[in-house]
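The values are calculated or read from the model by the stated rules, or taken from the named source; none is laboratory data. Bear in mind that the values here come from a model prediction, so they are computed numbers and not experimental data. Here the Cβ is made from the backbone with ideal geometry for all residues, glycine too, and neighbour counts use every protein chain on show. Just the protein is used for accessible areas: all its heavy atoms, side chains included, with ligands, DNA and RNA removed. Shrake-Rupley method; radii C 1.70, N 1.55, O 1.52, S 1.80 Å.
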Amino acid sequence: MNMTYDVVVVGASNAGGFAAAAAAENGAKVLCIDKMGSVDHLYQNTLGSIDSNSQKRAGVKIDKNKVIQYLTAFAQDNVDQKLLWAWANHSGETMDWLEEHVLKPEGIHLHSYTDAYYETLINMAFPTANEITRDDKSWARGWGKYVVQYAEKQGVKFSWNTKLEHLITDKAGKVIEIETKSRETNKINRINVTKGVVLATGGYGANTALVQKWNPTLLKKCVATKSPRDDGSGQIAAMEVGAARDDEGASIIFDRGAVTPGTNIKDTYYIGWDAKMLTLGSFPFLKVNLKGERFFNESAPYQFEMNANMHQPGNLDIAIFNEDTMNHLKDFHTLGCSRVGWPGGNDMDSFRKKLQENLDRGTAVKADSIEELAEKLHLPREKLVATVSRYNQMAKNGVDEDFGKEKYRLFPIDGAPYYGITFGGVLLATFDGLHINDHMSVLDENNDPIKGLYAAGNCSGSFFWGSYPDRLPGLAAGRATTFGRLAGKYVVREN
């Protein structure tokens, strides 16, 4: 006899945990399955919102309309603006629920800051971040277990190491059943669903066949992905019952994939949690292509660098800086997880330690002259010397005549020791996914809801396009948690 639940949530991390809790709060009998044995480490420490109580305490005021216009322009209108508004209008209340019901009982709270400094249009920024913390000095990592515990107290049953195989519909096309497989025993089970299923299964970055099919340039932009769970299975299951998905790719790529000089990006796509990232890659140092030439304004959102690399030989670039540059890291005024100090998780000791680790690993090189640096990086000596010389002169003059980098981010590279690091992208997640409406219902090719099927988080689409707007810190996780909570409410109320 098959088990029966009102709601089944597939995936227990950011979107799924919030969906399960919300569905149970609304009176549903809820099962949450996850293909792995734990999700604690997956809950993000920075969540983006507008008008949370935490932001109000910090005096943060964000113009919703300005944010929506920015996000729409950033994506060239390849988004559903109703979804943008759904996040803007409901993200604050989601953060308030999290803080009051999940965090505060555990001695944790949200911390917001006002810092979103920028000078140029390309770097427009908003202080959207809510940081999960106990002491306003560090992140309270692993807080996801408290979401799971709260959901369990509401009656949610969790089934771990349980993978979704297929969705099953009735003659009218409503999802009424799911087929699952135990990763421990390979046993196939069927579960009846009376109200609906919420998919929160993530992206597809670990499935290279799907990457090649849905977003092939990722393989030219990225040397690794840190999303080994993201196999796209939830999206495939939805498409089997008629779901539509985004036609073009969307992703979040960090410009932090330090690799050994001479690496061929076409042969490099490492998949694993242990994929190395060097945060120094996100600082707007002088960066050159494999011919030793500067080719873009290094002061831009992280992913823009990888986009620019697509037009350069080898699709990689090399950061050039010296010891004095390291003394000015805070002056670059970076946001989010590359900030110097907390929030950001970095201090100068950690930056210098990571640099030394990469020197030891061979993914960073050190030299007493630019000529020696060029040799170690396999770059044309004369070209790199000329590039650094021109950059130094512009830095001393305070005007970037070639690409327009802001004065406060121009520092001459004059004096040994010199450093060079070859960078490619590290994929954090894919964001192109299933079409949904502003009630999180999954849509078919005719834009009609598939009865009993909802989606949130990275398996859902229509919110991002192309590159990730990282100047809104925490936006990805903020969308996932907000839409997860909305999906949990709507799946109960609408069915």
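State, as an integer percentage, the relative contact order of region 188-287 based on alpha-carbon contacts under 8 Å between residues 6 or more apart.
Result for region 188-287 is 32 percent.
Cross-chain or 8 or more residues apart, Cα under 25 Å: how many lysine pairs in region 32-137 fit that? Count them up, please.
11
Let me check against my output: what whole-number percent is the relative contact order of the chain, with C-alpha pairs under 8 Å and at least 6 apart?
Relative contact order here is 25 percent.
Pull out the extension gain between Asp349 and Glu106, defined as 0.36 nm times the separation in residues minus the alpha carbon to alpha carbon distance; nm, one decimal.
Taking 0.36 nm per residue and subtracting the Cα distance, the gain is 84.4 nm.
With a 1.4 Å probe and every protein chain left in place, tell me how much accessible area Met277 has, in Å² to the nearest 10.
Result for Met277: roughly 60 Å² accessible.
Can you classify region 235-339 as rounded, prolate or oblate using the Cα gyration tensor, where a ≥ b ≥ c are the square roots of its eigenvalues, rounded means a/c under 1.5, and otherwise it's prolate if a/b beats b/c and oblate if not?
Prolate is the answer for region 235-339, as a/c is 1.5 or above and a/b outweighs b/c.
Under 5 Å between amide H atoms, partner at least 5 residues away or on a different chain: which partners does Thr268 have, H built in plane at 1.01 Å?
Those qualifying (amide H under 5 Å, at least 5 residues apart or on another chain) number zero.
Run the numbers for Lys157 and Gln312: contour at 0.36 nm per residue of separation, minus the present Cα-Cα distance, in nm.
Stretched out fully, the Lys157 to Gln312 stretch lengthens by 50.7 nm.
What ranking, highest mean first, results for peptides 131-138, 287-294, 381-388 when packing means the other Cβ atoms within 10 Å averaged over each residue?
Highest to lowest by the protection proxy: 287-294, 381-388, 131-138.
Tally Lys and Arg at +1 and Asp and Glu at -1 over the other residues with C-beta under 15 Å from the C-beta of Tyr113: what net charge comes out? Can you show the working numbers first?
Working: positive: Lys56, Arg57, Lys61, Lys137, Lys330, Arg339, Arg471; negative: Asp115, Glu131, Asp135, Asp136.
Net local charge, Tyr113 excluded: +3.
Counting Lys and Arg as +1 and Asp and Glu as -1, what is the net charge of the other residues whose Cβ lies under 11 Å from the Cβ of Phe332?
+1
Which whole-Hz couplings ³J(HN,Hα) result when phi for each residue of region 351-363 is put into the Karplus expression 6.51 cos²θ - 1.76 cosθ + 1.60, θ = phi - 60°, listed in order with x for Gly and Pro?
Working through the residues one at a time gives 4, 5, 5, 5, 4, 5, 4, 6, 4, 5, 7, x, 8 Hz.
Give me the net charge of Glu248's neighbourhood, meaning all other residues with Cβ under 14 Å from the Cβ of Glu248; Lys, Arg count +1, Asp, Glu -1.
It works out to a net charge of -3.
Taking just the C-alpha trace of region 45-145, give me its Rg and Dmax in Å.
For region 45-145, the Cα radius of gyration and maximum Cα-Cα distance read 14.5, 42 Å.
Roughly how many nanometres apart are two label points built 7 Å out from the Cα toward the Cβ at Asp135 and Lys383?
Label-label distance for Asp135 and Lys383, simple model: 4.9 nm.
Test of understanding: express the Cα radius of gyration of region 154-220 as a ratio to 2.2 N^0.38 Å, with N the residue count. Display every interim value, and only then the final one.
Working: Rg = 15.5 Å, N = 67, 2.2 N^0.38 = 10.9 Å.
For region 154-220, the normalised Cα radius of gyration comes out at 1.42.
Averaging over every viewing direction, what projected area does the convex hull of the Cα atoms of the chain cover, in nm²?
Averaging across all directions leaves 22.4 nm² for the Cα convex hull.
Please state, to two decimals, what the Cα-based radius of gyration of region 73-120 comes to when divided by 2.2 N^0.38 Å (N = residues).
Dividing the Cα Rg of region 73-120 by 2.2 N^0.38 Å gives 1.61.
Peptides 140-146, 90-96: what's the order by average Cβ count within 10 Å, highest mean first?
Details: 140-146: 17.4, 90-96: 21.9.
So the order, starting with the most tightly packed, is 90-96, 140-146.
Determine, from the Cβ-Cβ distance of Asp115 and Ser182 and an R0 of 56 Å, the FRET efficiency 1/(1 + (r/R0)^6), rounded to the nearest 0.05.
Computed FRET efficiency for Asp115 and Ser182: 0.75.
Give the Kirkwood hydrodynamic radius (Å, one decimal) of region 353-495, defined as one over the mean of 1/r across all pairs of different Cα atoms.
19.7 Å is the Kirkwood radius here.
What share of the DSSP beta bridges in the chain is antiparallel, in percent to the nearest 5?
DSSP beta bridges in the chain are roughly 65 percent antiparallel.
From largest to smallest, what semi-axes in whole angstrom does region 111-198 give when each is the square root of 5 times an eigenvalue of its alpha carbon gyration tensor? Don't skip to the answer; put the middle values down first.
Values: eigenvalues 329, 87, 36 Å².
One finds semi-axes of 41, 21, 13 Å for region 111-198.
With N denoting the number of residues in region 1-97, provide Rg(C-alpha) divided by 2.2 N^0.38 Å, to two decimal places.
1.34
Tell me the per residue accessible area of region 1-118 using a 1.4 Å probe; a whole number in Å² is fine.
Counting only protein heavy atoms, the per-residue value for region 1-118 is 39 Å².
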